[in-house]
Every structure is written in structure tokens, then in C-alpha cells.
Amino acid sequence: MFETLLLLVVPTAGFRLLGALGLSRFATWRSSAAHGLAVMLMFTGAAHFVPDSVTMMPSHDDLVAMVPAFVPFPSLTVYLTGILELLGALGLVLTSTRSAAGLCLAVLFVVMVPANIYAAVEGIPLNGDPATPLWFRLPEQLVFIGVACWAALPVHRRRSVRSSALGSGAGVHA
């Protein structure tokens, strides 16, 4: 039940640790969370293409079973959402596309809510594990939406105190 959430939290913490050790790419929690979400999406996106014979993660067939009856072409829909998740992961890693990727992923996560509700209510197992209960699945989905939105926020560069003071005329004497 906690696997997907751990696929976000553990890499995020690892990236932030690298930032604390001086790797500037991960200097903020937001950047680390964007990369953590990308790691999670690499796994969840890959699952959309995994054959049923692979037992270490949910398969394409497991995910097709989650698609509510009102969604046409469930198998194609699973392939399409897998492609979108993988592209979203790439977009989060590239600074120039992070904002757009975060917004698009937030929309994708919202669009996937009916499938998550359906899977929980109908008791659809993933990879032989019992269905994730709705009380966990919906808040988890909200976390993913929140992290995607947070990643989408524009990056504001901090100006140093010295350059701010010089730019405002402070400390300049005639």
C-alpha cells in the first residue's frame, strides 16, 4: 500500500541530502521533490507496459482492470497514460520544462482519480496485492497533485543582501 508513496518520499529525501552535501541541483526541497516525483513516475509509467509475467510490479493488465467502464479503449488508455507519465518525468528533470510538466501532471493525476476510486471501491488488486483502500488512495493522490503543482511554481532566484543594497543605492555616499 505504501510502495508508490515511498517511491516519492525516499528519492526526494535522498536528493535533498545530496543538496545539503553541496549538489546545487538539489539545493531546495522543491527541486528535490520534483526529481523524486520523476523517479516515482519512471516506475509507475513503466508499469503501464509491463507484461503480466513480470511479478515484481503491477502489470499492464492490472492497470487495465482499474479503468472504469465509461472510459473507452482501456488498454490504449493505459498505454497513453504510461507515455504521459514517462514524458512528465522527463519534463520534471529538465529545469526549462519543469513548470509545464508539473501543471500537466497535476491535471493527469486529477483525471486519474476516477480510476483510483473505481479500483478501491471494486477491490481491484494490483500485482496480486489487495486493493488499496480509498481512505489511503485519495490522500495519496492529493499528495501527488500537490507535489506536481509545487514543482510547477516558478523559481525565484534569491538576490544576495550585498547586491540588493547596492542596487537600491544604500551604502553609496556622495
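The values are calculated or read from the model by the stated rules, or taken from the named source; none is laboratory data. None of these values were measured; they are calculated from a predicted model. Positions of Cβ are generated from backbone atoms using ideal geometry, with glycine treated the same way; all protein chains shown enter the neighbour counts.
So the values come out like this:
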| item | result |
| --- | --- |
| Count - residues of region 57-95 that are at pLDDT below 95, in a helix (DSSP H, G or I) and among the polar types (S, T, N, Q) | 1 |
| Sole residue being among the hydrophobic types (A, V, I, L, M, F, W, C), closer than 23 Å to Gln141 by Cβ, touching a Lys or Arg at 6+ places or on another chain (Cβ under 9 Å) and not in a loop (DSSP other than H, G, I, E, B), chosen from Ala46, Ala34, Ala38 | Ala34 |
| Test: residue in region 21-33 that is of a type in the set (S, T, N, Q), buried (at least 20 other Cβ atoms within 10 Å of the Cβ) and touching a helix residue (DSSP H, G or I) at 6+ places or on another chain (Cβ under 7 Å) | yes |
| Checklist (1) modelled with pLDDT of 85 or more; (2) surrounded by fewer than 16 Cβ atoms within 10 Å (Cβ to Cβ); (3) of a type in the set (A, V, I, L, M); (4) closer than 24 Å to Arg25 by Cβ applied to Ala148, failing item | (2) |
| Residue list for region 23-47, filter: of a type in the set (Phe, Trp, Tyr) and either closer than 16 Å to Gly146 by Cβ or touching a residue at least 12 places away in the same chain (Cβ under 8 Å) (or both) | Trp29, Phe43 |
| Index of the failed condition, Trp135 passing every other in (1) at pLDDT 90 or above; (2) surrounded by 10 or more Cβ atoms within 10 Å (Cβ to Cβ); (3) not hydroxyl-bearing (Ser, Thr, Tyr) | (2) |
| For Val155: the one exception among (1) among the aliphatic types (A, V, I, L, M); (2) part of a helix (DSSP H, G or I); (3) in contact (Cβ under 8 Å) with a residue 60 or more places away in the chain | (2) |
| Filtered residues of region 96-128 (kept if of a type in the set (S, T, N, Q) and assigned to a helix (DSSP H, G or I)) | Ser96, Thr97, Ser99, Asn116 |
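Each row is one residue, and each column tells you yes or no for (1) crowded, with 19+ Cβ neighbours inside 10 Å; (2) among the basic types (Lys, Arg); (3) in contact (Cβ under 8 Å) with a residue 40 or more places away in the chain.
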{"residue": "Val50", "(1), (2), (3)": "yes, no, no"}
{"residue": "Val54", "(1), (2), (3)": "no, no, no"}
{"residue": "Phe73", "(1), (2), (3)": "no, no, no"}
{"residue": "Thr81", "(1), (2), (3)": "yes, no, no"}
{"residue": "Gly88", "(1), (2), (3)": "yes, no, yes"}
{"residue": "Gly91", "(1), (2), (3)": "yes, no, no"}
